[in-house]
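S.K.: Have a look at this one.
Only the coordinates and a few stated rules stand behind these numbers; no lab work does. The structure displayed is predicted, hence computed values, not measured ones. Here the Cβ is made from the backbone with ideal geometry for all residues, glycine too, and neighbour counts use every protein chain on show.
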Amino acid sequence: MRSLFLLLLALMVQAGQPPSHGHSGAHMMPPASPPAPEGMIPSLSAATTWLNSPPIGSDGLRGKVVLIDFWTYTCINWRRTVPHLRAWVQRYGDSKMLLIGVHSPEFAFEHDLDNVRQAAKEIGVGYPVAVDNDFAIWRAFGNEYWPALYIFDSHGRLRHQVFGEDGYEEAEQVIQKLLTEAGQTGVEAKPSVVDAKGFEKPADWKDLRSGENYVGLRRTENFASPGGIEPGVPHAYTVPARLGLNGWALSGTWTLSSDRAVAGAAGGRIAYRFHARDVNLVMAPETRGKEIRFRVLLDGKPPGASHGLDVDQDGQGTLREQRMYQLIRQPGPIADHLFEIEFLGPGAGAFSFTFG
């Protein structure tokens, strides 16, 4: 099964498609056949380019405790790990520890180096980043997940790995142990203090009953517009009178391709019944740099205090960058709600919903 997965992965990369995956939360299972703990760190020489650093070869890794973190900038699960990565760099970055991010893009626009640079700057990724547009490093690690963290000791041996969110305290304990083994003195055993806010706030796992769902043809679930999907052509959709939990539908003229749905005219709407504190949506204007106004409703009304970071209390927002947008963050008790977003102009592309 492992070899079959890697073969399919290679074929998908050759075809210009990102690998299929599950965005991991606190309970995602690791790969069926993870690299052996005694495995050595694979080469990073296949990176498309580097950010925040010149290329780092084996000489730059020698004698260091090396953390390799796979990410893609629209992934909410990775965003929620960033405060811990940032805290570790701040605390151990002047010692024998080196954190390297490997950006392996999920969506086509995440291949754009300007987008990655902008996202890294806005998110606060100041450590070295190997851009992995061809998934060469991903394949060398046998990786399957965003986010994925691999921790190597100062001899280049894999000693710990984390797939998905959580596991921070154990990972930091491993870092401290390996730094001490490497001869670093004064390494305190206490955990780092992390105060995560905004996009980076941990999910409300106890009330999370909605999982990630894609809007494009390739991986969508629970599409409820009457008549189903008309692939690849503009089509007029409607929203049914009622949506079941985690059901979603379109209204207005939309074109659905493998990875997204694009609004063909003003008034295009997406409705989604969810159960979560947060609603996030990866979006991008089809024409880069074009601004498209949108309006968000919660149970048919402006969200008020439940608005996300990218909308105001009246539910008004603007789509301009190719990224993830936080549209709802509820301050109070969580229940089933109907989310709606209406685009006030054509050309808005919607890629995937995530929740928190």
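S.K.: Which whole-number percent gives the relative contact order of the chain, counting Cα pairs below 8 Å spaced six or more residues apart?
M.R.: After rounding, I find 16 percent.
S.K.: Looking at this model, which pairs from LYS96/LYS177; LYS197/LYS301; LYS96/LYS190 are more than 22 angstrom apart at the alpha-carbon?
M.R.: Values: LYS96/LYS177 12 Å; LYS197/LYS301 26 Å; LYS96/LYS190 18 Å.
From the list (LYS96/LYS177; LYS197/LYS301; LYS96/LYS190), the Cα-Cα distance tops 22 Å for LYS197/LYS301.
S.K.: Would you mind putting 53-61, 132-140, 73-81 in packing order, based on average other-beta-carbon counts within 10 Å, highest first?
M.R.: Those peptides, ordered most packed to least, come out 73-81, 132-140, 53-61.
S.K.: Between segment 175-206 and segment 312-356, how far is it from one alpha carbon centroid to the other, in angstrom?
M.R.: 32 Å
S.K.: Helix 2-14 versus the longest principal axis of the chain: what is the Cα-based angle in degrees, 0 to 90, to the nearest 10?
M.R.: Orientation of helix 2-14: about 60 degrees from the principal axis.
S.K.: Then there is this: Return the ratio Rg/(2.2 N^0.38 Å) for segment 141-250, where Rg is computed over Cα atoms only. Can you show the working numbers first?
M.R.: Values: Rg = 22.3 Å, N = 110, 2.2 N^0.38 = 13.1 Å.
That works out to 1.70 for segment 141-250.
S.K.: Specify the inter-centroid distance of segment 213-238 and segment 106-149, based on alpha-carbon positions, in whole Å.
M.R.: When both Cα centres are located, 29 Å separates them.
S.K.: Using 0.36 nm per residue of separation minus the Cα-Cα distance, give me the extension gain between GLN313 and LEU217 in nm, one decimal.
M.R.: Values: separation 96, 0.36 × 96 = 34.56 nm, distance 3.22 nm.
Going from the current span to full extension adds 31.3 nm.
S.K.: Might you report the magnitude of the Cβ-based charge dipole of segment 78-209 about its Cα centre, with Lys and Arg at +1 and Asp and Glu at -1, to the nearest 20 debye?
M.R.: The calculated dipole for segment 78-209 is roughly 280 debye.
S.K.: If packing is taken as the mean number of other Cβ atoms within 10 Å per residue, what is the order of 142-153, 312-323, highest first?
M.R.: Ranking the peptides 142-153, 312-323 by packing returns 142-153, 312-323.
S.K.: In degrees from 0 to 90, rounded to the nearest 10, what is the angle of the helix 82-92 Cα long axis to the longest principal axis of the chain?
M.R.: Roughly 20 degrees between the two axes.
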